[in-house]
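The values are calculated or read from the model by the stated rules, or taken from the named source; none is laboratory data. Keep in mind the model is a prediction, meaning the values are calculated, not measured. Reconstructed Cβ throughout: ideal geometry from the backbone, glycine too, with neighbour counts over all protein chains shown.
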Amino acid sequence: MKLVTVVGARPQFIKAAPVSHAVQDSTQFEEVFVHTGQHYDDNMSSVFFDELGISTPDYNLGIGSATHGAQTGRMLESVEVVLKEENPDVVVVYGDTNSTLAGALAATKLQVFVAHVEAGLRSFNRRMPEEVNRVLTDHASDALFAPTPEAVQNLRQEGVASSKILEVGDVMYDAVLHYAEKAEKTKSLFGEIGLERGSYILATIHRAENTDNPDRLAAIFGALMEVADDIDVVLPLHPRTENVLQKEGLFEDVDRQLCLTEPLGYLSMMLLERNSCLIATDSGGVQKEAYFHRVPCVTLRDETEWTELVDHGWNVVTSPTSNESIRASISGRIGTTGDDVDLYGDGKAASRIVDYLVGQFTPEYHLK
Ligand code: UD1
Ligand code: UDP
């Protein structure tokens, strides 16, 4: 049997890694890896294939950056060509990017079974491109792998048949457990940047609603620069954010005040996360990783899809509308902890996903 994985953006390489390993372990599927090329810089793409031990993509479609419609449309056309060539039993897509939607649409139009990993997440904010991608992908999918009970609930409320939904836990938790030891053994950034464990804030900012709104951008970076007067702030810079800081004439000040780095590999990022005293972010994945490492988090957005982190005290959502509120939120969170609960499964989400898929295509498998 053949399984095609469609990925394209940084977080998808990380989410696909545990599933790819589980596919290899099961030996039931041949996996064909398709990279749309949405992310293409070495530090946004190839570094992850090297570090995570997943195979080099069988196809790199080289789509690159463009407007939403153009990028998604080009991916749709190119993924279709690959699917016709490979004739798979199942296509697996991850998360909520344009690559996710293009992969799901291309497959469903060819009547190929679509499996969506990280199904059912909702911000209930349709102005976010990711929300549109998630909703459309979920409704085009045949198997919806939800990370949490709330995600299952969201899908049921939208009328998705219960028979298609499986709560499996979160593959990003699988990844953290799998790579933590390897991360500890990697060359440490602390010496290089001159940081001490537990004595700095880690920040990441890349979401369009923040970078493309000059008031929000100024409030976020203004606040982080003020915070940096008292405590080091390390910020691996997403290329979207670097471009906009340059364009707005903010880059030099920010570079002087904060400890900026290039986008990091997953293992270095994990080390920085687990040794920080607080994480301030607008990333979906980084919010959860803060909790995996039991580090308090401030989410600089109007809402979060990962509401259980807020309910259990690990995360606070702060709309990034003013310097003062962001600063107050950050200083109020340092040193806090949340409830001692397991929110994202047991680290076996990937093998549950693969078991389910094997069962779909070889029903006799479960009778063994
Ligand atoms: C995309 C996803 C977002 C996800 C993020 C993960 C969509 C709609 N958005 O946002 O959900 O959280 O990836 O990081 O799919 N660029 C480079 N080099 C690269 C990649 C991008 O320079 O390797 C620059 C380009 O100027 C590009 C911009 O970053 O226009 C934005 O890239 P794009 O993939 O369109 O969106 P992201 O902001 O990365
Ligand atoms: N990440 C990374 N290097 C970085 C920034 C993030 O490896 O410089 C990892 C991070 O640990 C997480 C994932 O990328 O696993 C999150 O991706 P991102 O924030 O780009 O996207 P989102 O999760 O918001 O879609």
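With the condition kept exactly as written, say whether any residue in segment 122-134 is outside any loop (DSSP other than H, G, I, E, B) and more than 16 Å from ligand 2 (Cβ to nearest atom). No, segment 122-134 has no match at all. Looking across segment 257-295 at every residue that is in contact with a Gly (Cβ under 9 Å, 6 or more places away or on another chain) and not hydrophobic (A, V, I, L, M, F, W, C), the one that is farthest from ligand 2 (Cβ to nearest atom) is identified as 294. Apart from one condition, residue 206 fits all of (1) of a type outside the set (S, T, N, Q); (2) more than 16 Å from ligand 1 (Cβ to nearest atom); (3) touching a Lys or Arg at 6+ places or on another chain (Cβ under 7 Å); the exception is (2). Looking only at segment 103-146, residues that are more than 17 Å from the chain's Cα centre (by Cα) and over 24 Å from residue 346 (Cβ atoms) come to 19 in all. For residue 201, are the conditions met, namely being closer than 16 Å to residue 279 by Cβ, away from ligand 2 (no atom under 12 Å from the Cβ), touching a Pro at 6+ places or on another chain (Cβ under 9 Å) and among the hydrophobic types (A, V, I, L, M, F, W, C)? The answer is no for residue 201. Could you please let me know if residue 217 is within 17 Å of residue 322 (Cβ to Cβ) and either within 14 Å of ligand 1 (Cβ to nearest atom) or under 20 Å from the mean Cα position of the chain (by Cα) (or both)? For residue 217, the condition - within 17 Å of residue 322 (Cβ to Cβ) and either within 14 Å of ligand 1 (Cβ to nearest atom) or under 20 Å from the mean Cα position of the chain (by Cα) (or both) - is met.
Counting the residues of segment 223-245 that are more than 9 Å from ligand 1 (Cβ to nearest atom), surrounded by fewer than 18 Cβ atoms within 10 Å (Cβ to Cβ) and not hydrophobic (A, V, I, L, M, F, W, C) gives 3. When the criteria are applied in full, residue 298 meets the requirement of being hydrophobic (A, V, I, L, M, F, W, C), within 18 Å of the chain's Cα centre (by Cα), at pLDDT 95 or above and within 25 Å of residue 231 (Cα to Cα).
Would you confirm whether any residue within segment 323-338 is closer than 23 Å to residue 18 by Cα, surrounded by fewer than 23 Cβ atoms within 10 Å (Cβ to Cβ) and touching a Leu at 6+ places or on another chain (Cβ under 9 Å)?
no
Does residue 254 fit the bill of being more than 20 Å from residue 39 (Cβ to Cβ), within 12 Å of ligand 2 (Cβ to nearest atom), in contact with a Phe, Trp or Tyr (Cβ under 8 Å, 6 or more places away or on another chain) and of a type outside the set (S, T, N, Q)?
Numbers: more than 20 Å from residue 39 (Cβ to Cβ): yes; within 12 Å of ligand 2 (Cβ to nearest atom): no; in contact with a Phe, Trp or Tyr (Cβ under 8 Å, 6 or more places away or on another chain): yes; of a type outside the set (S, T, N, Q): yes.
No; evaluated as a whole, the condition is false for this residue.
Among the strands (runs of 3 or more DSSP E) confined to segment 248-318, the ones with at least 1 residues that are within 16 Å of ligand 1 (Cβ to nearest atom) and without any contact (Cβ under 8 Å) to a residue 60 or more places away in the chain are located at 259-261, 297-299.
Checked against (1) closer than 19 Å to residue 328 by Cα; (2) in a helix (DSSP H, G or I); (3) within 12 Å of ligand 2 (Cβ to nearest atom), residue 223 passes all but a single condition, namely (3).
Scoring residue 156 on the criteria (1) under 18 Å from residue 305 (Cα atoms); (2) buried (at least 16 other Cβ atoms within 10 Å of the Cβ) leaves a single failure, condition (2).
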